[in-house]
Amino acid sequence: MNKFLYLSEKDVDEIVKDNYDVAINAVTDAVMMMANGSTIQPDKSSQIFDDFYQNRINCMASTLKNENVCGVKWVSVFPSNKEKGLKNVEGFTALSEIETGSLICFMNATKSTSLRTAAMGAIAAKYLAKQDATSIGFIGAGEEAKAHLNLIKYTIPTIKTCYVSSRTDRSTSSFVNELQTKWPDITFVDCHNKYEDAVVNADIIVTAISSQEKVLKANWIKDGALYIHVAGLEDEFAVAEKASKIVCDCWDCVKHRAQTITQMYHQGILKEDDIYADISEIIEGKKLGRENNKEFIYFNSVGLSVEDVLLCDRIYKLAIKNNIGTWINK
């Protein structure tokens with residue numbers, strides 16, 4: 001092929017809109033492909049530029065053999081951008097077919113990154129939240145938190161109350177103002193910067209923050225809750241120690257990163273046997289998910305390149321089908 005398709009952020013928005021099944025199905029299929037051995041996923045390469053903010057650029061590559069596609073995502077994560085009024089995540093994905101190695105698509109992956117992360121949270125909620133969960137609580141009120149509410153509410157329509165907290169009133173107000181129109185059956189409770197208030201009554205807890213601060217405390221978490229850990233070090237060790245089950249998107253990938261349970265593992269606080277399952281084992285039925293409404297379940301999402309590549313490949317195919325994007329000669 002002597003040309004490739006370029007998809008801007010606007011193009012991706014037009015393709016996906018509120019079709020959350022695209023992301024949820026792609027992420028589910030990707031973890032199952034990884035589990036059955038039909039993928040190649042090298043370790044993520046991360047270049048960290050400062051210790052305080054953990055401003056970084058990540059390079060994430062993978063191949064989906066049965067889909068005939070190889071891809072790489074180049075994504076910047078700059079928590080310090082919030083102080084400058086800039087978005088803190090920006091990503092681009094390149095896709096090549098693996099018969100000739102030809103580049104087929106280059107797309108803005110900012111939205112797809114947010115969607116795939118939230119889709120994994122929604123999948124975790126489907127299998128691990130207690131039946132008929134009615135409340136969700138957020139520490140963090142940015143774009144990733146918004147995406148998590150959208151996809152989890154879509155997956156679990158019984159949610160009727162949303163508690164939200166953040167460092168600033170501006171971000172919690174923005175969260176509530178944007179989402180209460182979209183989900184009129186949800187009662188939103190603005191907890192401002194009182195993190196405990198956002199967590200203590202929640203059936204599902206999501207920490208969607210960029211800081212490396214242990215803001216979630218174990219004694220805030222009620223019996224029967226599901227905790228969806230999204231970022232890095234946002235919870236004290238006692239949270240994982242309290243859990244009835246610890247489930248990961250991929251434990252082998254998690255233990256090579258720098259998240260809370262990774263640190264606990266390398267310090268000898270957690271053992272291999274303390275990790276109950278990968279989510280693929282629960283989807284397949286090899287292991288049970290939630291067994292009763294008293295269990296506190298800890299779900300750790302590290303983010304997998306196979307998810308990014310499959311979601312972007314499906315967006316690319318939808319772009320072709322709907323004649324969206326710009327063809328560029330090589």
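The values are calculated or read from the model by the stated rules, or taken from the named source; none is laboratory data. Values in this document were obtained by computation on a predicted structure and should not be read as measured data. Positions of Cβ are backbone-derived with ideal geometry, glycine not excepted, and every protein chain shown enters the neighbour counts.
Here are the numbers for this structure:
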quantity	calculated
Only one of Ala133, Ala125, Ala147 that is over 17 Å from Val230 (Cβ atoms), hydrophobic (A, V, I, L, M, F, W, C) and either in contact with a Ser or Thr (Cβ under 8 Å, 6 or more places away or on another chain) or at pLDDT 95 or above (or both)	Ala133
Any hit, the stretch 43-59, residues being more than 17 Å from the chain's Cα centre (by Cα) and either surrounded by 21 or more Cβ atoms within 10 Å (Cβ to Cβ) or under 26 Å from Asp21 (Cβ atoms) (or both)	no
So Ala94, is it of a type outside the set (Val, Ile, Thr) and either within 28 Å of Ile186 (Cα to Cα) or outside any strand (DSSP E or B) (or both)	no
Residue ranges of strands (runs of 3 or more DSSP E) in the stretch 215-330 with at least 2 members charged (D, E, K, R), at negative phi and touching a residue at least 40 places away in the same chain (Cβ under 8 Å)	none
The stretch 184-204: number of residues that are in contact with a strand residue (DSSP E or B) (Cβ under 6 Å, 6 or more places away or on another chain) and assigned to a strand (DSSP E or B)	4
Candidate set from the stretch 235-256 (those that are over 20 Å from Ala125 (Cα atoms) and crowded, with 16+ Cβ neighbours inside 10 Å); member that is nearest to the chain's Cα centre (by Cα)	Cys253
Residue within the stretch 102-112 that is within 27 Å of Glu9 (Cα to Cα), over 15 Å from the mean Cα position of the chain (by Cα) and of a type in the set (S, T, N, Q) present	yes
Considering residues of the stretch 69-86 that are over 20 Å from Leu5 (Cβ atoms) and more than 17 Å from the chain's Cα centre (by Cα) only, the residue surrounded by the fewest Cβ atoms within 10 Å (Cβ to Cβ)	Gly85
Residues of the stretch 19-43 classified as within 20 Å of Val89 (Cβ to Cβ) and either at pLDDT below 95 or not hydrophobic (A, V, I, L, M, F, W, C) (or both), total	1
Yes/no for Asp190 being closer than 27 Å to Gln131 by Cα, of a type in the set (D, E, K, R), surrounded by fewer than 15 Cβ atoms within 10 Å (Cβ to Cβ) and in contact (Cβ under 8 Å) with a residue 12 or more places away in the chain	no
Of all residues making up the stretch 9-33, the number that are surrounded by fewer than 17 Cβ atoms within 10 Å (Cβ to Cβ) and either touching a strand residue (DSSP E or B) at 6+ places or on another chain (Cβ under 9 Å) or not assigned by TED's automatic domain parsing to the domain that holds Lys321 (or both)	2
Residue within the stretch 162-169 that is more than 22 Å from Ser280 (Cα to Cα) and in a helix (DSSP H, G or I) present	yes
Test result for Tyr265, in the same structural domain as Gly71 (by TED's automatic domain parsing), among the aromatic types (Phe, Trp, Tyr), under 30 Å from Val75 (Cα atoms) and at pLDDT 95 or above	no
Check on Asn66, surrounded by fewer than 24 Cβ atoms within 10 Å (Cβ to Cβ), assigned to a helix (DSSP H, G or I) and modelled with pLDDT of 95 or more	yes
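Every residue, every condition in (1) under 27 Å from Asn88 (Cα atoms); (2) of a type in the set (A, V, I, L, M, F, W, C); (3) outside the structural domain of Ile282 (by TED's automatic domain parsing), yes or no:
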| residue | (1), (2), (3) |
| --- | --- |
| Trp220 | no, yes, no |
| Ala225 | no, yes, no |
| Gly232 | yes, no, no |
| Glu236 | yes, no, no |
| Glu241 | no, no, no |
| Asp249 | yes, no, no |
| Lys255 | yes, no, no |
| Ala258 | yes, yes, no |
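Here is a yes/no grid of residues against (1) in contact with a Gly (Cβ under 7 Å, 6 or more places away or on another chain); (2) modelled with pLDDT of 95 or more; (3) over 21 Å from Met32 (Cα atoms); (4) in the same structural domain as Tyr316 (by TED's automatic domain parsing):
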residue	(1), (2), (3), (4)
Ser45	no, no, yes, yes
Asp51	no, no, yes, yes
Val72	no, yes, no, yes
Val77	no, no, yes, yes
Leu86	no, no, yes, yes
Val89	no, no, yes, yes
Ala94	yes, yes, yes, yes
